[in-house]
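This report concerns only the one structure given below.
The values are calculated or read from the model by the stated rules, or taken from the named source; none is laboratory data. Not measured: the values here are computed from a predicted model. For neighbour counting, all protein chains shown are included, and Cβ atoms are generated from backbone atoms with ideal geometry for every residue, glycine included. With ligands, DNA and RNA removed, areas are computed over all heavy atoms of the protein, side chains included. Shrake-Rupley method; radii C 1.70, N 1.55, O 1.52, S 1.80 Å.
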Amino acid sequence: MVKVADIVNKLNARIVCGKCDLDRKLEFGFASDLMSDVLTIDTENLLLITGMNNLQTIRTSEMLDISHIIFVRDKKASKEMQELACEHGIALLECGYSMFRACAALNELGLKPVY
Amino acid sequence: MEFRFEIEGGNFSKAGTASSEVKKILKQLNVDPKIIKRTVVSLYEAEVNVVAHAYEGEMNVEIIPDKVSVTIQDKGPGIPDIDQAMQEGYSTATPKVREMGFGAGMGLPNIKKNSDQLNISSKVNVGTIVEIVNYLK
């Protein structure tokens, strides 16, 4: 289990939206830019790591009850994305790291892979 | 209970709104969260398919105490070979759809995985009807 606060510190990330409980603990991480792949995941307590910054990233997360998304490669969440995420209680984070670097750091923190 | 939602072909900014409404309704009815997730994932995949491939469509939802039955019907190009479309990896999605993070040929197999009953019928150059039934208990 990894605290959101530790993720924010480790990745030098910004919380851009959501009532983000920094003490909340996440167990798993899944990294993909392909929402078709994300939609096949049935894992609770998951952080989505992605560079795909459009409304469908938020919609996909809503359907899967994903509570936290981190955008890598300095991708920004648009205002519409932030509004939709807030409406559904999804916290959005942004960081400048590449997906590979972000995943390596998250793995080091103890976030588990889905498979 | 019956509900009807319109789906606009080609408009990705609205894709998912119908499935999102169904999710709200199922939550209000205190349906098991695991069943809600299975149901809305299958509906969302089907809704995205309409947005990606068809001109227009609609989602009709019927909820009775033990099951939710949904019909997603569209006017569009139809599916010439449904067995082929059901194969993982087979896709006719445009580059625009792929840029949105879809079109990997995983939608229909994922609908099958997340539904208790699935029936697909289609007529080329007319449209496609996807019927999904999930039991609530």
### Task
Calculate one ³J(HN,Hα) per residue across the range B:97-102 by plugging θ = phi - 60° into the Karplus curve 6.51 cos²θ - 1.76 cosθ + 1.60, and present them in order as whole Hz with x for glycine and proline.
5, 5, 4, 7, x, 10
### Message
Cut-off under 21 Å on the C-alpha distance; same-chain residues fewer than 8 positions from A:Lys75 excluded. Which lysines are left, in chain and number order?
### Response
A:Lys10, A:Lys19, B:Lys96
### Query
Could you give the angle, 0 to 90 degrees to the nearest 10, between helix B:33-53's Cα long axis and the longest principal axis of the Cα atoms of chain B?
30 degrees
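State the percentage of accessible surface on the range B:2-135 attributable to carbon and sulfur atoms; use a 1.4 Å probe and exclude ligands, DNA and RNA.
Details: 3230 of 6560 Å².
It is 49 percent, rounded to a whole number.
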### Query
Taking accessible area as the heavy-atom solvent-accessible surface of the protein chains with a 1.4 Å probe, which residues of the range A:31-45 lose no less than 10 Å² upon going from the isolated chain to the full protein assembly?
A:Leu34, A:Met35, A:Ser36, A:Asp37, A:Leu39, A:Thr40, A:Asp42, A:Glu44
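Please find the FRET efficiency linking B:Val124 to A:Leu34, where r is the Cβ-Cβ separation and R0 is fixed at 30 Å, and quote it to the nearest 0.05. Numbers along the way, then the final one.
Details: r = 28 Å, r/R0 = 0.94.
FRET efficiency, B:Val124 to A:Leu34: 0.60.
With a cut-off of 8 Å between alpha carbons and a minimum separation of six or more residues, what is the relative contact order of chain A in percent?
Working: 229 pairs, mean separation 39.2, N = 115.
Worked out over chain A, it gives 34 percent.
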### Task
Over chain A, give the accessible area per residue in Å² for a 1.4 Å probe, as an integer.
44 Å²
### Over 27 Å [Cα-Cα, chain B], rounded percent
14 percent
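Based on the mean of other beta carbon atoms within 10 Å per residue, what is the order of B:78-87, A:24-33, A:46-55, B:47-56, most packed first? List each step's numbers first, then the result.
Working: B:78-87: 14.1, A:24-33: 18.3, A:46-55: 21.6, B:47-56: 23.1.
For the peptides B:78-87, A:24-33, A:46-55, B:47-56, the packing ranking is B:47-56, A:46-55, A:24-33, B:78-87.
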## Note on the structure
Under the rule rounded for a/c under 1.5, else prolate if a/b exceeds b/c, else oblate, using alpha carbon gyration tensor axes a ≥ b ≥ c, the protein assembly as shown is classed as prolate
## Note on the structure
Simple SL model, points at 7 angstrom along Cα→Cβ for B:Arg4 and A:Lys3; separation in nm is 5.4 nm
### Summary
With all protein chains present, chain A has a carbon and sulfur share of its accessible area (1.4 Å probe) in percent of 49 percent
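Tell me: how much accessible area in total is hidden between A and B, 1.4 Å probe, Å², nearest 100?
Numbers: alone 6060 and 7870 Å², together 11990 Å².
Using a 1.4 Å probe, the pair buries roughly 1900 Å².
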## Note on the structure
Length gained, B:Asp83-B:Gln28, 0.36 nm per residue minus C-alpha separation, equals 16.2 nm
